[in-house]
Amino acid sequence: MTSFALPAEGRAQRRRRYSAREIALGVAFCVPALAGLGTFVIFPLFQAVFLSTRGTDINGNPSRPVGAANFAELFTPAFGEVLLHTLVFTVFVVVVGLVLPLALAVPLAQRLPGMRLLRTLFTLPFAYSASASAVVWLLMLDPSMSPVNRLLRLAGIAVPGWTTESPWALLTVAWATVWVVAGFNLLVLGAGLAGVDDEVLEAARLDGATGMRNFVSVVLPMISPSVFFVVVTTTLTALQALGQVQVMTDGGPNGSTSTLVFAIFHHAFENGNNDYGLASAQGLVLLLMGIVLAAIQFGVVERRVHYR
């Protein structure tokens with residue numbers, strides 16, 4: 001067998017020891033990141049696990065160990081409805097929040113007059129907070145002054161109770177969330193389309209790939225990293241949505257818009273409930289749900305992503 005030996009210079013580099021000053025400098029650079037990780041991720045996680053096994057008094061302080069009693073309360077039809085609302089809400093926001101910006105990004109990527117202004121207008125909602133966007137949509141759908149309702153009445157269409165009837169309330173909150181995330185997704189997908197090589201598109205056209213076939217078979221695989229990024233970030237945004245639900249429906253009507261994050265907030269902070277044990281158990285369920293979705297996305301969806 002042939003043996004390979006490192007040159008003398010390479011062996012010297014491998015034997016090089018870092019000085020105490022270099023080690024101290026490296027540790028100093030890591031301390032802020034480790035402090036933030038410990039303060040805002042690791043400590044809250046262990047605190048949630050601890051509180052999920054404790055009962056809480058009227059002030060929310062952990063009082064006594066209750067074992068898995070808080071988790072047992074989750075096996076109820078009411079919590080099952082919360083999970084169903086969360087699933088429907090997330091699927092709607094992710095699907096529409098991907099398809100709509102993608103449909104807008106294709107024409108906006110054309111080099112035509114006025115496209116910069118249109119891109120700015122479409123991405124402007126990204127600058128709004130969740131609460132501000134919810135207020136805008138409440139004004140847009142207010143029964144006494146809604147331009148949307150007025151147009152529907154002119155068309156002879158019955159106007160539903162956008163925030164007072166089920167299932168319209170959940171879809172209304174989901175659409176308001178789509179309106180916010182679509183701007184950011186449009187920027188990401190537009191950047192991906194801008195990076196598509198014109199020579200590849202021309203070669204595809206010469207081979208007979210035109211229209212939808214050209215988009216599905218050529219363009220979409222080339223921007224698949226951007227699409228995958230949009231799917232992941234939009235999923236996280238949908239799972240964490242709270243401000244829209246609070247402002248627009250406060251979980252109603254009859255709990256039809258109560259998602260998992262809203263249920264956590266309701267049990268922990270709303271109306272002086274202070275049931276941190278049950279809220280922590282629900283928070284761990286949300287964490288598990290996020291891990292499962294991330295595993296599916298990175299284990300299944302990412303395999304179809306073509307990195308260049």
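The values are calculated or read from the model by the stated rules, or taken from the named source; none is laboratory data. Only a predicted model underlies this, so the values are computations on that prediction, with no experimental measurement involved. Cβ: placed from backbone, ideal geometry, glycine included. Neighbour counts: every protein chain shown. To get the accessible areas, we keep the full protein, side chains included, count just its heavy atoms, and leave off ligands, DNA and RNA. Shrake-Rupley method; radii C 1.70, N 1.55, O 1.52, S 1.80 Å.
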Considering every residue within segment 139-147, establish whether at least one is touching a residue at least 12 places away in the same chain (Cβ under 8 Å) and in a helix (DSSP H, G or I).
-> no
Over segment 223-277, the set of residues among the aromatic types (F, W, Y) and assigned to a helix (DSSP H, G or I) is F228, F229, F262, F265, Y276
Among the listed residues V82, V95, V88, V136, which satisfies the condition of being in a helix (DSSP H, G or I) and open to solvent by 70 Å² or more (accessible area, probe 1.4 Å)?
-> V95
Residue list for segment 275-308, filter: among the polar types (S, T, N, Q) and either in contact with a strand residue (DSSP E or B) (Cβ under 6 Å, 6 or more places away or on another chain) or closer than 30 Å to V219 by Cα (or both) = Q297
Which one of A204, A209, A279 is at pLDDT 85 or above and either among the charged types (D, E, K, R) or in contact with a helix residue (DSSP H, G or I) (Cβ under 9 Å, 6 or more places away or on another chain) (or both)?
-> A279
Please enumerate the residues belonging to segment 20-62 that are in contact with a Ser or Thr (Cβ under 6 Å, 6 or more places away or on another chain) and over 17 Å from L284 (Cβ atoms).
-> D57
Which one of these does A68 not meet: (1) among the small types (G, A, S); (2) over 17 Å from L284 (Cα atoms); (3) open to solvent by 50 Å² or more (accessible area, probe 1.4 Å); (4) at pLDDT below 90?
-> (2)
Residues that are surrounded by 12 or more Cβ atoms within 10 Å (Cβ to Cβ), assigned to a loop (DSSP other than H, G, I, E, B) and small (G, A, S), drawn from segment 196-210 = A209
